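**Student:** Below are the structure tokens for one structure; questions will follow.
Each reported figure results from applying straightforward, stated rules to the coordinates on display, with no laboratory input. Worth saying up front: this structure is predicted, and the values here are computed from it rather than measured. Cβ coordinates were reconstructed from backbone atoms using ideal geometry, including for glycine residues, and neighbour counts include every protein chain displayed.
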Amino acid sequence: MPAMTLPLSGVRVIDLTVVWAGTFATTLLADLGAEVIKVENMHVWQPMTRGGQARPSPELVKAGAGWATGYPHSEPGPRPWNYCPTFVQQYRNKHSMTVDLLSEEGREIFARLVAESDALVENNATGTLEKIGIGPDFLRAAREDLVMLRMPAYGSDGPYRFARALGVHLESVMGHTLLRGYPDLDPSYITSIFSGDYVAGAHGAFAVMSALRHRRRTGEGQLIELAQAECAGGMLAQAFMDYSFNGVVQGRTGNRSVDGCAPYNLYPARSEGDGADGGDRWISISVMDDEQWIGLREAMGDPEWARDPELRYNEGRLARHDELDARIGEWTSTRDDYELMHLLQSHGVPAAPVLDSSRIYDDAHVQHRELNEVHELYDGVGAFRFNKPFIRFSETPLGIRKPPVALGEDNEYVYREVLGYSEAEFAGLRERGHIGMDYDPEIP
Amino acid sequence: MTGAGAVGPLDGVTVLDLTEHIAGPYCTKLFADFGADVIKIEPPGGDPSRSVGPWYRGTPGPERSGTFFYFNTNKRSLVLDIEHPEALPVIERLIERADIVVESQPAGRLDALGIGWERVSSLRGNLPMVSITPFGQDSPYRDYRISDLVLYGFAGEMYSIGVQDREPVKMYGTASLVECGAAAATGAMAALTAAELRGEGQHVDFAMADAQFNGVDRRHAATIGYEFAGRQSLRAPGPAAGMLSGVYPCADGYVEFSGAAFRIPRLNEMLGRPDWLQEEKWWQPGVNLIPDLVDEFNGMFLPWALERSKREIWEAAREAKVLCGPLFSVDELFEDTHFSDRGFWSTVDHEELGEVRLPGRPLIMPASPWSLRRPPPRLGEHTDEVLSECGFGAGELTKLRESGAIA
């Protein structure tokens with residue numbers, strides 16, 4: 001593919017991110033055209049970034065959920081850290097270099113990279129960069145106008161600053177966990193979600209681009225602090241505003257509408273390829289106004305019960321939501337979920353199947369929009385369909401310019417071309433443990 | 001840090017905003033809150049989000065919706081019936097002054113009205129335009145409708161959220177739509193960058209379904225896990241299945257832990273019981289998933305937790321670097337001093353509602369700060385102001401108003 005100028009072409013970003021929130025920010029920047037360089041250390045294992053463990057056992061890799069341990073062909077492969085399913089979709093379009101940042105020489109190399117870069121993104125535990133001597137002062141000394149984005153869980157000050165957290169914990173703190181889940185079950189039945197990572201990552205990419213605009217206008221870099229917990233606030237807007245306006249602490253609504261629209265829920269359905277029990281297929285239906293209620297009635301063949309004048313307006317339907325759910329569920333339970341979607345949508349009613357991971361690649365929308373593309377994994381592990389950048393630009397289409405990056409895959413490019421080290425220097429740095437493609441053998 | 005008069009990073013940018021409800025308005029809210037002049041075009045009845053609660057003091061009204069309030073800070077409102085024949089020259093004049101157009105109308109609607117991308121690009125070849133729709137401009141489902149539930153169920157990872165013998169369960173409120181709005185803002189910002197740097201105008205086709213299928217909300221991992229290994233990602237068999245993994249009761253509520261980085265020394269430090277978990281059986285790989293040992297552990301852990309408050313437990317977990325978070329309710333969060341001391345909350349004066357407290361900046365950008373410069377607009381509050389800036393005279397405005405094109 002000939003090199004095309006993308007929106008962020010010419011921007012270089014240092015990526016010191018871990019887990020999902022930070023890596024999503026840099027994935028978005030990379031998709032949009034920035035040259036994102038993951039800076040990694042072969043001697044230090046960052047949990048939850050290239051896998052739970054560097055070298056998971058074959059037994060572990062054969063068991064467990066697809067998203068957690070579904071490695072290629074259910075084998076760990078020669079370098080498992082290059083293809084852990086939990087993280088591999090965040091490696092597209094990125095470069096990777098290795099350097100031992102715990103050594104003085106490593107920090108000198110790193111300073112040279114900072115001098116050649118526009119932005120740096122990190123979401124390590126608070127204080128980590130300072131501890132290894134590459135905090136903001138070090139970074140500014142290397143590049144005065146650097147845009148730095150730090151994404152701590154709760155911020156760099158205050159009593160919670162050192163709290164360890166994944167997205168799910170900070171959402172609990174912000175109130176999300178008590179606002180979702182089954183209203184009729186104990187809160188211990190509430191399982192993890194990951195939207196905190198999503199919104200923090202997207203805000204992070206937005207913030208870097210915005211700060212680069214500020215730098216273009218003023219020549220000034222800056223240190224951006226994105227506390228992931230605070231960033232999650234927008235998702236809970238209605239609950240926050242209800243408390244602010246009315247002192248009301250909202251309860252859990254399960255799958256029902258926060259706006260009180262009815263009927264609004266999941267209903268049992270069927271699909272081709274069901275197991276013998278025909279189970280675990282669901283269709284979502286959301287009736288958001290009285291016109292859509294007429295649409296739902298028509299789709300159902302306007303049964304007697306639905307003609308009840310009390311149900312004509314939302315208020316009446318909301319009062320009898322349980323009863324409506326039972327009636328609608330009776331109607332959907334014998335029907336194919338995709339057929340229900342097409343039928344209901346043809347009557348203007350928002351509805352769709354709840355897709356499990358086995359059905360995504362076959363969906364007509366996913367195929368038509370070409371949301372994935374086959375690429376070879378490193379080490380000859382195989383060719384698989386990977387997610388593509390998901391925003392469509394008419395003049396500068398985004399794509400997969402580089403398949404998921406292996407640890408240290410771009411050492412030659414970064415050291416030789418970007419940093420200008422000679423062949424002999426490169427060889428010396430390799431000998432001294434900066435450059436390579438494998439984690440230390442003793443790392444489990 | 002912030003000098004007086006420091007302006008946001010998007011100072012000087014004018015956004016022509018034809019978005020409604022949640023996702024599009026969240027995208028343009030980010031632009032507005034970080035300094036852009038966002039001109040929100042509303043239909044005569046107003047953005048539909050003015051018609052949903054939560055209502056101020058429980059009483060409905062177009063200026064009393066908490067949803068509209070939150071998603072439309074710092075914007076200016078102009079009421080324009082874009083289907084009215086007299087509206088076309090008004091829109092053209094607004095396009096003249098815009099640096100970016102962001103819209104969330106049903107796919108094809110603006111084209112049918114003669115103000116779609118083709119027209120915009122012929123008027124202003126270097127203007128970016130972002131269209132935020134459920135399924136994009138050219139999907140087989142182009143005309144299909146969504147809600148937060150329909151979107152998250154179909155394209156997000158809802159299927160594996162919840163417990164096995166129950167239905168999947170969604171996130172709160174309109175969370176999936178907010179995710180999309182934040183992602184759309186990255187596309188809009190990139191398009192603006194390309195326009196400012198290279199004079200490049202283009203149409204950005206943002207499909208919310210694509211942003212869920214290919215975003216980071218675990219669906220990306222479930223998808224590739226299936227592709228790699230043919231293995232599904234299913235709902236959990238039940239609550240808190242691992243050793244310190246899930247939601248646990250305590251003296252005054254609940255706390256959440258994660259087994260993702262399970263380390264016994266840290267756990268013992270948190271529990272204040274260095275004598276626990278010393279036998280060899282606790283140190284085997286994968287111990288936190290062996291049912292008998294998990295039961296034995298819970299027998300020790302639960303009494304400890306039930307004697308302590310969630311704040312006490314979280315404090316112990318923070319000290320010991322254990323992944324943990326208390327389940328706060330919204331009132332507890334409003335009263336929490338960590339967030340209030342950091343300046344998370346903002347207040348804004350609203351003509352009808354008085355002083356209102358709301359979540360403030362999503363992030364801190366000291367040299368070019370987020371700011372709350374104006375409350376969410378009243379319906380049509382800035383119609384005359386904006387159109388005068390566009391060069392319409394008083395006579396023209398009267399005529400437009402009489403014709404019903406503006407209000």
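**Student:** Would you mind calculating the gained length between A:Thr128 and A:Ala111 on full extension (0.36 nm times residue separation, minus the Cα-Cα distance), in nm to one decimal?
**Tutor:** 4.4 nm
**Student:** May I pose another question? How many Å³ per residue does the convex hull of the Cα positions in the range B:1-98 occupy?
**Tutor:** Working: hull volume 10.8 nm³, N = 98.
In the range B:1-98, the Cα hull volume divided by residue count equals 111 Å³.
**Student:** Given q = 0.16, 0.17, 0.20 Å⁻¹, what are the Debye log10 I(q)/I(0) values for the range A:395-444, with equal point scatterers placed on the Cα positions and solvent ignored?
**Tutor:** Taking Cα atoms of the range A:395-444 as identical point scatterers yields -0.60, -0.65, -0.78.
**Student:** Given labels modelled 7 Å from the Cα in the Cβ direction, how far is it in nm from B:Ser122 to A:Trp305?
**Tutor:** Rounded to a tenth, the inter-label distance reads 5.4 nm.
**Student:** May I pose another question? Roughly how far apart, in whole Å, are the Cα centres of the range B:250-296 and the range A:174-242?
**Tutor:** The two parts, judged by their Cα centres, are 30 Å apart.
**Student:** Using amide H atoms built in the peptide plane, which far-off residues or other-chain residues are under 5 Å from A:Glu395 H to H?
**Tutor:** Long-range HN contacts for A:Glu395: B:His203.
**Student:** Please list, ordered by chain and number, the residues whose modelled amide H lies under 5 Å from the amide H of A:Gly175; skip anything fewer than 5 residues away on the same chain.
**Tutor:** Counting only residues 5 or more places away or on other chains, the set is B:Phe328.
**Student:** Report P(r) for the range A:1-59: all Cα-Cα distances, bin width 5 Å, range 0 to the bin holding the largest distance, values in whole percent.
**Tutor:** 4, 16, 21, 19, 14, 11, 8, 4, 2, 0
**Student:** Please find, in a Gaussian network model of chain A (springs between Cα atoms separated by less than 10 Å), the residue of A:Met300, A:Met151, A:Met235 whose mean-square fluctuation is greatest.
**Tutor:** Looking only at A:Met300, A:Met151, A:Met235, the biggest GNM fluctuation is shown by A:Met300.
**Student:** Which residues does a label at B:Glu351 reach in the range B:380-407, if reach means a backbone N under 14 Å from a point 7 Å past the Cα toward the Cβ?
**Tutor:** Hits in the range B:380-407 for B:Glu351 at 14 Å: B:380-386.
**Student:** Next up: Can you give the extra length, in nm with one decimal, that the chain gains between B:Arg109 and B:Met300 once fully stretched, where that is 0.36 nm per residue apart less the Cα-Cα distance? All intermediate terms of the calculation are to be shown ahead of the outcome.
**Tutor:** Values: separation 191, 0.36 × 191 = 68.76 nm, distance 6.21 nm.
Gain on stretching B:Arg109 to B:Met300: 62.6 nm.
**Student:** Here's something else I'd like to know. If you count, for every residue in A:358-364, the Cβ atoms of partner chains within 10 Å of its Cβ, what is the mean? Provide the component values of the computation, followed by the final result.
**Tutor:** Details: counts 9, 3, 9, 3, 0, 6, 3.
That works out to 5 on average.
**Student:** Another one. So, R0 is 25 Å and r is the distance between the beta-carbons of A:His375 and A:His73; what FRET efficiency does that work out to, to 0.05?
**Tutor:** Working from the Cβ atoms, E equals 0.95.
**Student:** Can you give the convex hull volume per residue for the Cα atoms of the range A:315-444, as a whole number of Å³? Numbers along the way, then the final one.
**Tutor:** Values: hull volume 34.5 nm³, N = 130.
Spelled out: Cα convex hull of the range A:315-444, divided by residues, is 266 Å³.
**Student:** Same structure again: What whole-number distance in Å separates the alpha-carbon centres of the range B:160-220 and the range A:255-319?
**Tutor:** Taking the Cα centre of each part, the range B:160-220 and the range A:255-319 sit 26 Å apart.
**Student:** Now, a different point. Could you give the length gained by full extension between B:Trp276 and B:Glu402, i.e. 0.36 nm per residue of separation minus their alpha carbon distance, to one decimal place? Write down the numbers at each step before the final one.
**Tutor:** Numbers: separation 126, 0.36 × 126 = 45.36 nm, distance 8.01 nm.
Taking 0.36 nm per residue and subtracting the Cα distance, the gain is 37.3 nm.
**Student:** Then there is this: From the helices alone, meaning DSSP H stretches of at least four residues, give me the mean residue ellipticity at 222 nm for chain B, per-run term -39500 (n - 2.57), in deg cm²/dmol to the nearest 500. Write out the running numbers ahead of the final one.
**Tutor:** Working: 16 runs with 152 residues, N = 407.
Value at 222 nm, helices only: -11000 deg cm²/dmol.
**Student:** I'd like the GluC sites (Glu not before Pro) in the range B:280-343 restricted to DSSP loop residues with at most 14 other Cβ atoms within 10 Å, sorted by number.
**Tutor:** Here the sparse-neighbourhood loop sites are B:Glu307.
**Student:** For the protein assembly as shown, compute the orientation-averaged projected area of the C-alpha convex hull (one quarter of its surface), in nm².
**Tutor:** Numbers: hull surface 139.3 nm².
Quarter of the Cα hull surface area: 34.8 nm².
**Student:** Once the principal axes of the Cα atoms of the range B:328-380 are found, what is the range along each, listed largest first in whole angstroms?
**Tutor:** Dimensions of the range B:328-380 along the principal axes of its Cα atoms: 37, 31, 13 Å.
**Student:** I would also like to ask the following. For every helix of n ≥ 4 consecutive DSSP H residues, a contribution of -39,500 (n - 2.57) applies; sum these over chain A, divide by its total residues, and give [θ] at 222 nm rounded to the nearest 500 deg cm²/dmol. Write out the running numbers ahead of the final one.
**Tutor:** Values: 17 runs with 145 residues, N = 444.
Calculated from helices alone, the mean residue ellipticity at 222 nm is -9000 deg cm²/dmol.
**Student:** I've got another one for you. Based on the Cα coordinates of chain A, what is the per residue volume of their convex hull in Å³? Let's see the in-between values first.
**Tutor:** Working: hull volume 84.2 nm³, N = 444.
So the per-residue Cα hull volume is 190 Å³.
**Student:** Residues of A:70-76, mean number of Cβ from any other protein chain within 10 Å of their own Cβ, rounded to a whole number?
**Tutor:** Values: counts 12, 4, 4, 3, 4, 2, 0.
Counting Cβ atoms of other protein chains within 10 Å of each residue's Cβ and averaging gives 4.
**Student:** Give the lysines whose C-alpha is closer than 24 Å to that of A:Lys94, dropping any in the same chain fewer than 8 places away, or say none.
**Tutor:** Hits, sequence-local ones excluded: A:Lys38, A:Lys388, A:Lys402.
**Student:** Neighbour counts of other C-beta atoms within 10 Å: give me B:Ser65, B:Ser122 arranged from fewest to most.
**Tutor:** Numbers: B:Ser65 28, B:Ser122 8.
Placing the least packed residue first, the sequence is B:Ser122, B:Ser65.
**Student:** Right, something else. Give the Cα extents of the range B:252-388 along the principal axes, in whole Å, largest first.
**Tutor:** On the principal axes, the range B:252-388 reaches 79, 30, 26 Å in Cα extent.
**Student:** Against the 2.2 N^0.38 Å scaling, with N counting residues, where does the range A:264-359 land? I'd like the Cα-based Rg ratio to two decimal places. Intermediate results must be reported in sequence, preceding the final value.
**Tutor:** Details: Rg = 13.3 Å, N = 96, 2.2 N^0.38 = 12.5 Å.
Normalised Cα radius of gyration, the range A:264-359: 1.07.
**Student:** Identify, among A:Ile294, B:Val247, B:Val322, the residue whose Cα sits farthest towards the positive end of the charge dipole of the protein assembly as shown, taking +1 on the Cβ of Lys and Arg and -1 on the Cβ of Asp and Glu, with the dipole about the Cα centre.
**Tutor:** Of the options given, the answer is B:Val322.
**Student:** May I ask for the percentage of alpha-carbon pairs in the range A:138-249 that lie more than 21 Å from each other?
**Tutor:** Details: 3125 of 6216 pairs.
When all Cα pairs of the range A:138-249 are counted, 50 percent exceed 21 Å.
**Student:** A follow-up question, please. With a 10 Å Cβ neighbour count serving as the proxy for reagent exposure, in which order, fewest first, do B:Asp275, B:Asp81, B:Asp210 appear?
**Tutor:** On the way: B:Asp275 7, B:Asp81 19, B:Asp210 26.
Ordered by Cβ neighbours within 10 Å, fewest first: B:Asp275, B:Asp81, B:Asp210.
**Student:** Suppose every Lys and Arg Cβ carries +1 and every Asp and Glu Cβ carries -1, with no other charges. What dipole size does chain A come out with about its Cα centre, to the nearest 20 debye? It would help to have the intermediate numbers written out before the result.
**Tutor:** On the way: 42 positive and 65 negative charges, 161 e Å.
Roughly 780 debye, rounded to the nearest 20.
**Student:** Among A:Arg92, A:Arg327, rank each residue by its count of other Cβ atoms within 10 Å, from fewest to most, as a rough exposure measure.
**Tutor:** On the way: A:Arg92 22, A:Arg327 17.
So the ranking, lowest neighbour count to highest, is A:Arg327, A:Arg92.
**Student:** How long is the range B:246-333 along each principal axis, judged by its Cα atoms, biggest number first, in Å?
**Tutor:** 44, 24, 23
**Student:** Please compute the alpha carbon radius of gyration of chain B, then divide it by the globular-protein estimate 2.2 N^0.38 Å. Two decimals is fine. It would help to have the intermediate numbers written out before the result.
**Tutor:** Working: Rg = 25.6 Å, N = 407, 2.2 N^0.38 = 21.6 Å.
Taking N as the residue count of chain B, the ratio is 1.19.
**Student:** In nm, to one decimal, how far is the A:Thr218 label point from the A:Asp290 one, both placed 7 Å along Cα→Cβ?
**Tutor:** 5.3
**Student:** Evaluate the range B:110-255: find the radius of gyration of its Cα atoms, find its Kirkwood radius, and give the ratio Rg to Rh. If you can, show how the numbers build up before the last one.
**Tutor:** On the way: Rg = 20.1 Å, Rh = 18.1 Å.
Answer for the range B:110-255: 1.11.
**Student:** Quick check on the range B:203-292: what are the equivalent-ellipsoid semi-axes from the Cα gyration tensor, as sqrt(5λ), descending, whole Å?
**Tutor:** Numbers: eigenvalues 256, 63, 32 Å².
Working through the eigenvalues yields semi-axes of 36, 18, 13 Å.
**Student:** Under 15 Å from the Cβ of B:Gly125, count the other residues' Cβ atoms, weight Lys and Arg +1, Asp and Glu -1, and hand me the total. Intermediate values should be presented prior to the final figure.
**Tutor:** Working: positive: B:Arg119, B:Arg124, B:Arg198; negative: A:Glu395, B:Glu92, B:Glu96, B:Asp99, B:Glu118, B:Glu196, B:Glu200.
Taking every other residue near B:Gly125 into account, the sum is -4.
**Student:** State the Cα centre-to-centre distance between the range A:80-143 and the range A:1-77 in whole Å.
**Tutor:** Spelled out, the Cα-based centre of one part sits 13 Å from the other.
**Student:** In degrees between 0 and 90, to the nearest 10, how far off the longest principal axis of chain A does helix A:195-218 point, with axes built from Cα atoms?
**Tutor:** 50
**Student:** Taking chain B as a Gaussian network, where each spring joins two C-alpha atoms under 10 Å apart, which residue of B:Val330, B:Val247, B:Val79 fluctuates the most?
**Tutor:** Among B:Val330, B:Val247, B:Val79, the largest GNM mean-square fluctuation belongs to B:Val330.
**Student:** Still on this model: Run the simple label-point estimate for B:Gln164 and A:Glu323 please: 7 Å along Cα→C-beta, distance reported in nm.
**Tutor:** For B:Gln164 paired with A:Glu323, the spin-label model returns 3.7 nm.
**Student:** In addition: For chain B, modelled as a Gaussian network with Cα springs under 10 Å, which listed residue fluctuates most, B:Leu197, B:Leu387, B:Leu244?
**Tutor:** Of the options given, B:Leu197 has the highest mean-square fluctuation.
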